[in-house]
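Input: a single structure, listed below in structure tokens.
The values are calculated or read from the model by the stated rules, or taken from the named source; none is laboratory data. Small disclaimer: the values here were computed from a predicted structure and weren't measured. For neighbour counting, all protein chains shown are included, and Cβ atoms are generated from backbone atoms with ideal geometry for every residue, glycine included.
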Amino acid sequence: MTNAPTHAIGIDIGGTGMKAGIVDLQAGTLSSERVRIPTPEGAEPPAVLQTAKELIEMLGDDAKDLPIGVCFPAIVKGGRTLSAANVSHEWIGLEAENLFADALGRDIHFVNDADAGGLAELRFGAAKGQEGLTILTTLGTGIGSAFLFDGQLVPNTELGHLQWKGDSIERYAAPTAREREDLSWKKWAGRLQKFYDHVEFLFSPDLILVGGGVSKNPEKFLPMLETRAPIRIAEHRNNAGIIGAASLAMA
Ligand code: BGC
């Protein structure tokens with residue numbers, strides 16, 4: 001008889017930072033410190049795999065032999081990465097799940113980063129018990145999305161790549177656009193408003209959640225947004241990816 005694991009490691013690979021932690025799967029919270037290493041320049045596969053290994057080492061002896069969930073900022077289907085917006089294009093078409101399993105020396109679970117965040121909110125956070133459609137949007141280097149419908153994740157929705165002025169809307173409305181173009185919070189909130197207006201028109205969600213790096217400063221932009229559905233900060237904020245990836249070990 002195999003016992004269900006009580007703890008698992010979550011690794012969240014972002015365009016800017018790679019983060020990891022040990023997650024208590026009962027509570028859905030971090031039971032270790034959160035470790036972080038900047039994403040290697042260009043996010044080429046060998047460097048990212050090596051950094052993932054270093055993150056596990058930083059978690060120390062407690063991480064030995066625990067199951068691992070990895071989340072990644074790309075379309076993930078059948079363990080393969082099928083897109084690359086904020087990482088090296090070499091990831092496109094790679095058997096990424098197998099590459100991480102080989103690099104980390106054990107089987108892993110592998111999922112899109114926003115979908116991992118969605119799972120964390122569904123299992124342990126603001127989307128738990130919600131009926132209808134909850135859309136989690138993650139605002140970070142890019143814009144990620146997770147559709148949670150009546151308790152189920154619909155994976156790989158990629159709302160950050162809705163087209164806007166001939167480009168992906170994340171180029172215009174992600175927090176990195178605010179930094180790159182030195183926009184005021186108000187001006188940036190105006191861009192976000194356009195994104196949420198479009199999303200609401202297309203999908204009529206019942207609840208919108210906001211996660212990603214910018215969820216640390218909700219007071220700077222959330223009060224300026226007007227949406228038909230309630231809009232709230234994801235309960236697990238920027239740890240949702242780590243928690244959701246780790247939670248795949250429960251399934
Ligand atoms: C990627 C998504 C990812 C999002 C947030 C986008 O550029 O295409 O897969 O979820 O960034 O990291």
When segment 191-213 is examined, which residues are found to be at pLDDT below 95 and part of a helix (DSSP H, G or I)? Gly213
Just checking, how many residues over segment 76-126 are more than 23 Å from Ala174 (Cα to Cα), within 16 Å of the chain's Cα centre (by Cα) and away from the ligand (no atom under 12 Å from the Cβ)? 6
Checklist (1) within 15 Å of the ligand (Cβ to nearest atom); (2) in a loop (DSSP other than H, G, I, E, B); (3) under 26 Å from Leu122 (Cα atoms) applied to Cys71, failing item: (2)
Hey, among the residues in segment 144-173 that are within 13 Å of the ligand (Cβ to nearest atom) and aromatic (Phe, Trp, Tyr), which one's farthest from the chain's Cα centre (by Cα)? Tyr172
Which condition number in (1) within 16 Å of the ligand (Cβ to nearest atom); (2) exposed (fewer than 14 other Cβ atoms within 10 Å of the Cβ); (3) not aliphatic (A, V, I, L, M) is the one that Asp65 fails? (1)
Condition check for Ala127: surrounded by 20 or more Cβ atoms within 10 Å (Cβ to Cβ) and part of a loop (DSSP other than H, G, I, E, B): yes
Can you pull out every residue in segment 179-216 that is closer than 15 Å to Gly142 by Cβ and surrounded by fewer than 16 Cβ atoms within 10 Å (Cβ to Cβ)? Glu179, Arg180
Residues satisfying the stated conditions in segment 104-145, i.e. over 23 Å from Asn239 (Cβ atoms) and among the aliphatic types (A, V, I, L, M): Leu133
One residue from Thr176, Thr141, Thr137 being within 16 Å of the ligand (Cβ to nearest atom), part of a loop (DSSP other than H, G, I, E, B) and in the same structural domain as Arg228 (by TED's automatic domain parsing): Thr141
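Per-residue answers, yes or no, for (1) touching a residue at least 40 places away in the same chain (Cβ under 8 Å); (2) out of contact with any Asp or Glu (no Cβ under 8 Å at 6 or more places or on another chain); (3) under 26 Å from Ala52 (Cα atoms):
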residue: Gly144; (1), (2), (3): yes, no, yes
residue: Leu153; (1), (2), (3): no, no, yes
residue: Gly166; (1), (2), (3): no, yes, no
residue: Phe195; (1), (2), (3): yes, yes, no
Residues Ala20, Ala43: which one is outside the structural domain of Glu158 (by TED's automatic domain parsing), more than 25 Å from Arg123 (Cβ to Cβ) and crowded, with 20+ Cβ neighbours inside 10 Å? Ala43
Set Glu219, Glu235: member being among the acidic types (Asp, Glu) and surrounded by fewer than 18 Cβ atoms within 10 Å (Cβ to Cβ): Glu219
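Go through Thr137, Thr81 for me and flag whichever is β-branched (Val, Ile, Thr) and within 23 Å of Pro218 (Cβ to Cβ). Quick ask: steps written out before the conclusion?
Details: Thr81 fails: within 23 Å of Pro218 (Cβ to Cβ).
From the options Thr137, Thr81, the qualifying one is Thr137.
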